[in-house]
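Below: one structure, written as structure tokens.
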Amino acid sequence: MRRRLAALLLPVALAGLAGTAATQTTDAMPKDQNVLFWSQDQRDAAFRTMESVPKVVVHTIAAGGPVYPLPEGQPLDVGVDIDAHMARQRNAGLIIVQDGKIRLEKYALGYGPAGRWTSFSVAKSFTSTLVGAAVKDGYIKSLDDKVTQYIPGLRGSAYDDVSVRQLLTMTSGVRWNEDYTDPKSDVAQFNLQKPIAGEDITVSYMKTLPREAPAGSKWVYKTGETNLIGVLVSSATGKTLSSYLSDKIWKPFGMDQDAVWMLGPTGHEISGCCVSASLRDYARFGLFILGGGVAGGEKVLPDDWLAAATTKQAAIDQPGRGYGYQWWTNDDGSFAAQGIFGQGIFIDPKRRLVIASNGNWPTATDPEGVGAAREAFYKAVQAAVDRESSRLFFDASSATVPFRRPA
């Protein structure tokens, strides 16, 4: 239970964020950055505009150019009471895109298609995709390169032995405690230390950690390591994550709206968390992945990237599931990006299916409750697509050819 809890949580040490609020706060807006202690009403308000939380600073992920179309398709009969499902999930938005068409789209909690909603750890999958782009662009030569080749500040630490691939799969073997009940855990502490001039705060903390297992031998979920991946991409490319994401995907693929990415205390994007985008643009990101990583007619990712990134690279002690390059994988070929409080992008290549959801669960994570209900909903949608496909196949195969007399 604790491992799965940790696997779905982002670092809650947002109290280390620095800067000024982007806009004036309202009475409903929280006055601090510790999301786990916000009331439900405060979360409803803040998740729509995280950049308005006091001391939160963001970079813009600029959109531009022709918008990728999302035409309306025939409504999909999921066989589920959608309103009841959304109410139980406290979904702010739910969209099903199948075969490139919107089959279902609904909103709640004062949210709508023109708004943004925070992603939390869904951002991990965005960050890993930027690694693929950097490999394609030649900024990262190989996933077998040592991490210290791109982050010199880690030299002399346990990360001397760690490859980029092992960082992506969270199999570094470096000791890490992501226990959110322990105020002395790494995840509670790594953003609270005093920044060192000229060094990202994540690097300052992670280089102090000891090794607990040989590199590549043990999977442990480490949000701090996703933050290191972001530092690595920025160091390799010489660009901020926001500008690189805009240049490689957001603009050329045709996202409809600007998104924003929250910054940490040393001015770098919190790459394990905190992209805020519209629901349809989350779905478009799923379509970008589903389409093989092509944007603006150009391959953004290496030919073999997605086959590896979205399949099991590490076992996680959950039957039928695994971990790829910052994607949660399923043995049926589907995979997902997930964040606390109900954020998710579910992708099923076999059924040409993308399901994006934003929400505000009553608790950050609840694997046996709303979490299990969301998984059941995914399966219900898959079954609905299969029923529809079977019916169309039956209708086509049953069609008779009109009799014609020989001439």
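The values are calculated or read from the model by the stated rules, or taken from the named source; none is laboratory data. Note that the coordinates shown come from a computational prediction; the quantities given were computed from them, not determined experimentally. As a convention, Cβ positions derive from the backbone with ideal geometry for all residues, glycine included, and neighbour counts pool all protein chains shown. Only protein heavy atoms, including side chains, enter the accessible area calculation; ligands, DNA and RNA are left aside. Shrake-Rupley method; radii C 1.70, N 1.55, O 1.52, S 1.80 Å.
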Would you mind checking which residues have amide H under 5 Å from Ala314's amide H? H placed 1.01 Å from N; only 5 or more apart, or other chain.
Tyr323
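Out of region 172-230, which trypsin sites (Lys or Arg not before Pro) are coil in DSSP terms and have no more than 13 other C-beta atoms within 10 Å?
Numbers: sites: Arg175, Lys184, Lys207, Arg211, Lys218, Lys222; in loops: Arg175, Lys184, Lys207, Lys218, Lys222.
Of the trypsin sites (Lys or Arg not before Pro), the ones in loops of region 172-230 whose Cβ has at most 13 other Cβ atoms within 10 Å are Lys184.
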Inter-site label distance for Gln74 and Lys141 at 7 Å from Cα along Cβ, in nm:
5.5 nm
For Ala87 and Val294, extending 7 Å from Cα along the Cα-Cβ vector and measuring point to point gives, in nm, a value of 4.4 nm
As I understand it, the value is the acute angle between the Cα axis of helix 223-237 and the longest principal axis of the Cα atoms of the chain; what does it come to in degrees, rounded to 10?
90 degrees
With the contact rule set at Cα under 8 Å and sequence spacing of 6 or more, what percent relative contact order holds for region 51-121?
25 percent
So what's the angle, to the nearest 10 degrees on a 0 to 90 scale, between helix 370-398 and the longest Cα principal axis of the chain?
30 degrees
Quick one: what are the phi-derived ³J(HN,Hα) couplings along region 102-115, Karplus 6.51/-1.76/1.60 with θ = phi - 60°, whole Hz, x for glycine and proline?
6, 9, 7, 7, 9, 10, 7, 6, x, 9, x, x, 7, x
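Which of the pairs Lys55/Lys251; Lys101/Lys218; Lys106/Lys218; Lys101/Lys251 have their Cα atoms more than 32 Å apart in this structure? Spell out each step's value before the answer.
Details: Lys55/Lys251 28 Å; Lys101/Lys218 40 Å; Lys106/Lys218 41 Å; Lys101/Lys251 21 Å.
Correct reply: Lys101/Lys218; Lys106/Lys218.
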Which loop-located trypsin sites (Lys or Arg not before Pro) does region 107-157 contain, where loop means any DSSP state but H, G, I, E or B and the Cβ has at most 13 other Cβ atoms within 10 Å?
Lys141, Arg155
Give me the percent of Cα-Cα pairs in the chain that sit more than 38 Å apart, rounded to a whole number.
17 percent
Expected vector for region 198-204, Karplus 3J(HN,Hα) from phi with 6.51, -1.76, 1.60 and θ = phi - 60°, integer Hz, x for Gly and Pro, equals x, 9, 4, 4, 5, 4, 4
To the nearest 10 degrees, the tilt of helix 123-136 (Cα long axis) against the first principal axis of the alpha carbons of the chain is 90 degrees
Skipping prolines and chain starts, which residues have an amide H placed within reach, meaning under 5 Å, of the one on Ser163, given they are 5 or more residues away or on another chain?
Val147
The chain - percent of accessible surface contributed by carbon and sulfur, probe 1.4 Å
53 percent
Find me the longest stretch of the chain that has none of the exposed GluC sites (Glu not before Pro), where exposed means in a DSSP loop (not H, G, I, E or B) with at most 16 other Cβ atoms within 10 Å.
1-198
Full-stretch length increase - Leu36, Asp332 - with 0.36 nm per residue and alpha-carbon distance subtracted:
103.2 nm
Rough spin-label spacing in nm, given labels placed 7 Å along Cα→Cβ, for Ala28 and Arg352
3.9 nm
Which of the lysines could be linked to Lys248 by a straight reach, that is with a Cα gap under 17 Å, when you skip same-chain ones fewer than 8 residues away?
Lys124, Lys136, Lys239, Lys299
With R₀ set to 30 angstrom, the calculated FRET efficiency between the beta-carbons of Glu368 and Asp304, to the nearest 0.05, is 0.25
Roughly how many whole Å is it from the C-alpha centroid of region 167-207 to that of region 268-284?
22 Å
Cut-off under 5 Å, modelled amide H: who pairs with Lys299 long-range
none
